[in-house]
Amino acid sequence: MKMTIDFLELITTGVVGNFQGGESKEEVVNRIGEPEVYTPERKSYPTYIIYGDLEFRLRKNRVETIIITLNDETLNIPSSIKMRNFPERNLIKVDFIKGLLTENDVSWEQDSIMSDQFQENYISEKGVHFVFDLEESGVLTKIGINYK
């Protein structure tokens, strides 16, 4: 059965399909399939479970962070996942995200510590992190959700 991730819902609520945070490696693999990359947890690094542009980071065998990287026009995600309402990548800029959040009464603020001349970082009240590449006309390059 395919899992659906609604891009607009992800942006406004932080919901990534049927993940809530806290899932084990086994639960992630059962829902999505075998990952392209699996790196076990080490002293100061989490476990990485990577499916193309979709990354899960786990500590003590529990999902803490999900990241989606948007470097290409199309998303490289497993066939077991359907991405719904995904706009053209060149349209996903600060004003686009700001508009979606405003329409849904979700506030956000710039993360001045993580932002620099190359990228702007924002975090919404729902815990969604956004990274915009200033060298590439301000398009969204990463979305992250922390479940800590």
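Which condition from (1) over 14 Å from the mean Cα position of the chain (by Cα); (2) without any contact (Cβ under 8 Å) to a residue 40 or more places away in the chain is the one that Leu54 breaks? Leu54 satisfies all of (1) over 14 Å from the mean Cα position of the chain (by Cα); (2) without any contact (Cβ under 8 Å) to a residue 40 or more places away in the chain except (1).
Here Lys2 meets each of (1) within 17 Å of the chain's Cα centre (by Cα); (2) modelled with pLDDT under 95 with one exception, condition (1).
One residue stands out among those in segment 22-57 that are part of a strand (DSSP E or B) and among the hydroxyl-bearing types (Ser, Thr, Tyr): the one that is nearest to Met83 (Cα to Cα), which is Tyr51.
So, of the residues in segment 57-98 that are among the acidic types (Asp, Glu) and over 20 Å from Gly14 (Cβ atoms), which turns out to be farthest from the chain's Cα centre (by Cα)? The residue in question is Asp95. In segment 89-109, the qualifying residues are those that are polar (S, T, N, Q) and touching a residue at least 40 places away in the same chain (Cβ under 8 Å), and the one that is surrounded by the fewest Cβ atoms within 10 Å (Cβ to Cβ) is Asn90.
Can you work out which of the residues in segment 133-148 that are part of a strand (DSSP E or B) and within 13 Å of the chain's Cα centre (by Cα) is modelled with the lowest pLDDT? By that ranking, first place goes to Asn146. When the residues of segment 116-141 are filtered to those that are among the aliphatic types (A, V, I, L, M) and in contact with a helix residue (DSSP H, G or I) (Cβ under 7 Å, 6 or more places away or on another chain), the one that is surrounded by the fewest Cβ atoms within 10 Å (Cβ to Cβ) is Val139. For segment 22-44, the condition of being under 20 Å from Leu140 (Cα atoms) and among the acidic types (Asp, Glu) holds for none of the residues.
Just one of the listed residues (Leu70, Leu58) is surrounded by 12 or more Cβ atoms within 10 Å (Cβ to Cβ), modelled with pLDDT under 95 and either on the phi < 0 side of the Ramachandran plot or of a type in the set (A, V, I, L, M, F, W, C) (or both), and it is Leu70. All conditions in (1) modelled with pLDDT of 95 or more; (2) out of contact with any Pro (no Cβ under 9 Å at 6 or more places or on another chain) hold for Gly17, with the sole exception of (1). Applying the condition of being surrounded by fewer than 16 Cβ atoms within 10 Å (Cβ to Cβ) and among the acidic types (Asp, Glu) to segment 27-55 and asking which residue is nearest to Leu10 (Cα to Cα) yields Glu27.
The values are calculated or read from the model by the stated rules, or taken from the named source; none is laboratory data. Worth saying up front: this structure is predicted, and the values here are computed from it rather than measured. Cβ: placed from backbone, ideal geometry, glycine included. Neighbour counts: every protein chain shown.
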